[in-house]
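Asks: To start, I am sharing the structure in question, which I have written as structure tokens.
The values are calculated or read from the model by the stated rules, or taken from the named source; none is laboratory data. In this text, all values refer to a predicted model and were calculated from it rather than measured experimentally. For neighbour counting, all protein chains shown are included, and Cβ atoms are generated from backbone atoms with ideal geometry for every residue, glycine included. Areas reflect the complete protein model, heavy atoms only, side chains present, ligands, DNA and RNA absent. Shrake-Rupley method; radii C 1.70, N 1.55, O 1.52, S 1.80 Å.
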Amino acid sequence: MILKELISNLAILVAILFVYTQLTNSSPLRRTSSRRQKITAGVLAGILSNVLMLYSIPMDSVIIDLRHIPVVLMSYYGGSIPSLITMMLIVMGRFLFGFTTQAVLAIIFIGGTTCLTLVITKFKLSKMKKVFLALTMSNLIFTILLTFLSLQMDTLISLVLSYWSISYLAGFLSFYVVEYVRRNQKILNKYKFESVTDGLTGLNNVRKFDQIFNEVCTEAQNRDEKISLLYIDIDHFKTVNDTYGHVEGDQVLVELSHILTSTARSFDYISRNGGEEFTVILLDCPAQRAEEISERIRKKVQNHAFRLATGESISITVSVGIACYDETTNTPQLLIEEADQALYEAKQSGRNQVCLSPTFAGEHVKSSPEVYS
């Protein structure tokens, strides 16, 4: 019967921990977490411990449960603030059962578990050794306190064996659940990041660009704000790859991404749309301001010495095409087509140029299919 009820405690504990780690995916509890986050975690852990106490098992004059596991978890992951808050809420909850000798022993138990676990987490031990040692100390405290109660020997032995077994199982399983969910969340977040990030430059990739562009267009129409789009292409980049190799060409792309990031405003969106083509979405930006930013980019690139792995430095130039809603077009979805056409005009004008798309006048000119180089 004892084992059955303790397993019920274990099921509740694991289920709530799983839900909690899912909900805190973006900001898991750490020792470096904010004070507010630690207080929130401590309160939630205290509530969990009190829920576990509601499912406690009375045996003669003893009440047993897994209330100590949340304390151990808070001590390990969050440090003193959440663990002490959890401890205080457990003490308050225990007094609801009445102020008795058992209540005093329960307070000593949870207080001793909290303090010893906080000390153990400071040791230079592996994660599993810290968990094992913390659970062992908690179990020892529990066993020592039981000797102050008048229990029959067979009851005492049965209670200790059952409690130690389920305590170890609950402790290790709880840590496993938290670590397993965190590890999988980290992998998932990594995959999500990589799916929308250019692996070479760290900028947004074309998939992320499409997503941002559609969102920005909708907001611009709703708020009646201007948006400018820059299409940037490296002049004669094929020659760089053919002359110095693709590895050196990649280094040029990385350095160019740094120039774009440092030149654009912090709230603008910079993407590598493929090959040597980059885009910059300038929020709340009229055409004249977009031209100034584009010209600054062009000059920085022209004057920058792109250093190769061989130690040699080369110079490159870029051409920039600009379109602006609602100055060059009254339809934000046409910005891509217009910026691409403006880029084509910049290439045709001799490269190393900034070209603004003509102001819309009813019909839109289709982009040339010619390939840039």
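Asks: For residues that are of a type in the set (A, V, I, L, M, F, W, C) and more than 28 Å from the chain's Cα centre (by Cα), scanning just the range 274-293, find the one that is nearest to Gly249 (Cα to Cα).
Replies: Once the filter is applied, the top-ranked residue is Ile293.
Asks: Restricting attention to the range 172-187, does a residue exist that is among the basic types (Lys, Arg), over 30 Å from Glu248 (Cβ atoms) and either open to solvent by less than 20 Å² (accessible area, probe 1.4 Å) or without any contact (Cβ under 8 Å) to a residue 12 or more places away in the chain (or both)?
Replies: yes
Asks: Given Leu140, Leu156, which one is open to solvent by 30 Å² or more (accessible area, probe 1.4 Å), at pLDDT 90 or above and part of a helix (DSSP H, G or I)?
Replies: Just one listed residue meets the conditions, Leu140.
Asks: Taking the criterion of being assigned to a strand (DSSP E or B) and either on the phi > 0 side of the Ramachandran plot or not polar (S, T, N, Q) (or both), would at least one residue in the range 94-110 satisfy it?
Replies: no
Asks: Given the condition surrounded by fewer than 16 Cβ atoms within 10 Å (Cβ to Cβ), part of a helix (DSSP H, G or I) and modelled with pLDDT under 90, answer yes or no: does some residue in the range 47-70 qualify?
Replies: The answer is yes; a qualifying residue exists.
Asks: If I filter the range 33-43 for residues that are part of a loop (DSSP other than H, G, I, E, B), farther than 26 Å from Ile144 by Cβ, in contact (Cβ under 8 Å) with a residue 40 or more places away in the chain and in contact with a Gly (Cβ under 9 Å, 6 or more places away or on another chain), do I get at least one hit?
Replies: For the range 33-43, residues part of a loop (DSSP other than H, G, I, E, B), farther than 26 Å from Ile144 by Cβ, in contact (Cβ under 8 Å) with a residue 40 or more places away in the chain and in contact with a Gly (Cβ under 9 Å, 6 or more places away or on another chain): present.
Asks: When you go through (1) part of a helix (DSSP H, G or I); (2) in contact (Cβ under 8 Å) with a residue 40 or more places away in the chain; (3) closer than 30 Å to Ser49 by Cβ one by one for Leu149, which number turns out not to apply?
Replies: (1)
Asks: Any residue at all in the range 82-102 that's among the small types (Gly, Ala, Ser), exposed (fewer than 13 other Cβ atoms within 10 Å of the Cβ) and more than 27 Å from the chain's Cα centre (by Cα)?
Replies: yes
Asks: For the range 295-315, indicate whether the set of residues that are in contact with a His (Cβ under 8 Å, 6 or more places away or on another chain), surrounded by fewer than 24 Cβ atoms within 10 Å (Cβ to Cβ) and under 26 Å from Leu200 (Cα atoms) is non-empty.
Replies: Checking the range 295-315: at least one residue is in contact with a His (Cβ under 8 Å, 6 or more places away or on another chain), surrounded by fewer than 24 Cβ atoms within 10 Å (Cβ to Cβ) and under 26 Å from Leu200 (Cα atoms).
Asks: As an exercise: evaluate Ser33 against (1) surrounded by fewer than 16 Cβ atoms within 10 Å (Cβ to Cβ); (2) touching a helix residue (DSSP H, G or I) at 6+ places or on another chain (Cβ under 8 Å); (3) of a type in the set (Gly, Ala, Ser) and give the number of the one condition it does not meet.
Replies: Of (1) surrounded by fewer than 16 Cβ atoms within 10 Å (Cβ to Cβ); (2) touching a helix residue (DSSP H, G or I) at 6+ places or on another chain (Cβ under 8 Å); (3) of a type in the set (Gly, Ala, Ser), only one is false for Ser33: (1).
Asks: Being closer than 24 Å to Val177 by Cβ, among the aliphatic types (A, V, I, L, M) and open to solvent by 40 Å² or more (accessible area, probe 1.4 Å) narrows it down to one of Val119, Val43, Val131, so name that one.
Replies: Selected residue: Val43, the only one of Val119, Val43, Val131 that is closer than 24 Å to Val177 by Cβ, among the aliphatic types (A, V, I, L, M) and open to solvent by 40 Å² or more (accessible area, probe 1.4 Å).
Asks: Looking at (1) surrounded by 16 or more Cβ atoms within 10 Å (Cβ to Cβ); (2) under 19 Å from Leu52 (Cβ atoms), can you tell me which one Ile108 breaks?
Replies: Result: Ile108 fails condition (1) only.
Asks: Just for the range 316-339: of the residues that are assigned to a helix (DSSP H, G or I) and open to solvent by 20 Å² or more (accessible area, probe 1.4 Å), which one is modelled with the lowest pLDDT?
Replies: The residue in question is Gln333.
Asks: Something else about it: Among all residue pairs at least 6 apart or on different chains, which show Cβ distances below 6 Å where the first residue, located in the range 230-258, is over 27 Å from Ser357 (Cα atoms) and the second is open to solvent by 20 Å² or more (accessible area, probe 1.4 Å)?
Replies: Partner pairs satisfying both residue conditions: Gly249/Asn241; Asp250/Leu200; Val254/Thr201.
Asks: Now for a different question. Any residue in the range 347-358 that is out of contact with any Gly (no Cβ under 9 Å at 6 or more places or on another chain), at pLDDT 90 or above and of a type in the set (A, V, I, L, M)?
Replies: The answer is no, given that none of the residues of the range 347-358 is out of contact with any Gly (no Cβ under 9 Å at 6 or more places or on another chain), at pLDDT 90 or above and of a type in the set (A, V, I, L, M).
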